[in-house]
Amino acid sequence: MKFLGWRASVASTVIGLACIAATAVWAGGSGFGDDDDDNADEGPSYFGFVKDSNGGTLPDAKVTVAVKDRGGVVTRTDALGAYKVPGFGKEISPNDVEVSCELQGYKQSRIQRRPLPPPDSKIPVETECVMQRGG
């Protein structure tokens, strides 16, 4: 018995691709930072995704973005596993910022940071956190 056949498959693919594109734009693609205040004293913002070891995103994971030996910001991932936090002062080097993640039933297995933007840049810093079941 065919219920919706190939049309359901096409529709679900289109919806999935639309969600991925919307997340990319929200998390750092085209127009990223357009709604932010242009504060000359603020450094780059930080964003990324929390994923499981198979590449699936993890919603509601706790993400801590902290400056070594100082303090930090704690946030949670959205329904698509994405997070975003504002920048620290421009005197804070992205090399001194550490990202960690937590989620019940998982343990952090690795952090992957994309290449850093040039110094004094407002380009966001992307960091992906990979979690493994069994935490």
Suppose R0 equals 30 Å. What FRET efficiency, 1/(1 + (r/R0)^6) with r the Cβ-Cβ distance, do GLU42 and GLN104 give to the nearest 0.05?
0.35
Leaving ligands and nucleic acids out of the surface, order ILE111, ILE123 by accessible area at 1.4 Å, largest first.
ILE123, ILE111
Which lysines have a Cα less than 26 Å from the Cα of LYS68, not counting those fewer than 8 places away in the same chain?
LYS51, LYS84, LYS90, LYS107, LYS122
Any idea how far the Cα center of the range 54-97 sits from the one of the range 101-135, in Å?
8
Overall dimensions of the range 59-135 by Cα: Rg and Dmax, Å
12.9, 40
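Net charge near LEU58, counting Lys/Arg +1 and Asp/Glu -1 over other residues with Cβ under 10 Å of its Cβ? It would help to have the intermediate numbers written out before the result.
Working: positive: LYS51; negative: ASP52, ASP60.
Around LEU58, the surrounding residues sum to -1.
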What residues have an amide H closer than 5 Å to that of SER109, excluding those fewer than 5 places away on the same chain, when H is modeled at 1.01 Å from N in the peptide plane?
VAL130, MET131, GLN132
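The values are calculated or read from the model by the stated rules, or taken from the named source; none is laboratory data. Since the structure is predicted, the reported quantities are computational estimates derived from the model, not experimental observations. Please note: Cβ atoms are built from the backbone with ideal geometry, for glycine as well, and neighbour counts cover all protein chains shown. Protein only, heavy atoms only, side chains kept; ligands, DNA and RNA dropped before computing areas. Shrake-Rupley method; radii C 1.70, N 1.55, O 1.52, S 1.80 Å.
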